[in-house]
Each structure stands twice: as C-alpha cells, then as structure tokens.
Amino acid sequence: MSSQDAFNYAIGVLACLSALVSVVLYYQTYLPITQMKALDELLNDTRNLYMRAKEDGVLPHGIAFTGNLEELELESDELREQAYKATTQLEEYSALLQGLSRKIMRTAGSVKRFRAYVIDILHRQLVKSKGVSREDLAVLLLHIDVQWPPA
C-alpha cells in the first residue's frame, strides 16, 4: 500500500465520519425532547396570553376557550410522558423514527392556531372597545406585562 493510498483511505474515513456527525447534529433539532421543550414554551406563552386577556376582561363572554386550551395541555402531557420515557440517545432516535416528533410538531401547530385565534379575538375586542391598531396590539403581544387594555 502506497502512502497516497493510505492518505486517500484516511480522507475517505474522515469524510464518512464528518457526514455521520452532520446527520446526527441535524436530527438533534428533531428529537422528541427538543421538540417537547419548544411545545412547552409555546403552550406556556399561549396560556399566559390567554390568562392575561381573561384577567383583564378583554375576551368576550360566551366564547369557550378554556376547553380547547385544556385539551391541548392534556395532549401535551401525554406527549411529554412519551418523550421523557426515552432516556438514551438510541431510544430518542427510535421515538423520532416512530413519529413522536411529528405528533409533537402537529400539537405545536394546533397550539399556534389556538394562539392565533385568541390574538384575533383580542384584536377585534380591542379595536371595538378602545380603537387599538394592529401595531399597538403587536407591541402588547411582544410585552405581555404591559397593561391591557392600553390607556
């Protein structure tokens, strides 16, 4: 074996290893634990937005949001239980291949749609009662701790 052949084999092995590491790092973002953390943050933000609007009396009476929010939280709890059962990397990748991450992302999509619905209702109520513009609502939503409705 010549030194050039040995060099070519070494480069080939390094290329294969770097490709494997790249694939592993890419799929790290899709692992159920990572997706679950994102869902938890999204659900927490949505819950805070809903509770703040409810406390301030901005949500119209007669619209049942709580049931939808509770359903999403229950679904999230079930997914969290499944995600946290995977304690090793192999189990996490197995859960990924079995579709757990896809279920978590689907639930996150439902939470986003629910949040968009709440924001739409908030906007309509604020425009109706106080004449708040879309820009003012965007500022309010970015800074949830700002008093609602604005003075």
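What follows is calculated from the coordinates using simple rules that are stated; it is not laboratory data. This one's a predicted model, so the numbers in the text were calculated from it and none came from an experiment. Note: ideal-geometry Cβ built from the backbone for every residue, glycine included; neighbour counts use all protein chains shown.
Points worth noting:
- Prolate is the label for region 45-127, because a/c, from the alpha-carbon gyration tensor with a ≥ b ≥ c as root eigenvalues, is 1.5 or above and a/b exceeds b/c.
- Note on residue 91 and residue 17: the extension gain reaches 24.5 nm, defined as 0.36 nm multiplied by sequence separation minus the Cα-Cα distance.
- About its Cα centre, region 1-99 has a charge dipole of approximately 300 debye under the convention of +1 per Lys or Arg Cβ and -1 per Asp or Glu Cβ, with nothing else charged.
- Shape category assigned to region 74-122 from the gyration tensor of Cα positions, a/c cut at 1.5: prolate
- Annotation: lysines with alpha-carbon distance below 22 angstrom to residue 128 (same-chain offsets under eight excluded): 54.
- With a simple spin-label model that places each label point 7 Å from the Cα along the Cα-to-Cβ direction, the separation between residue 78 and residue 2 comes to 6.4 nm.
- Rg/Rh for region 1-98, where both radii come from Cα atoms and Rh is the Kirkwood radius: 1.34
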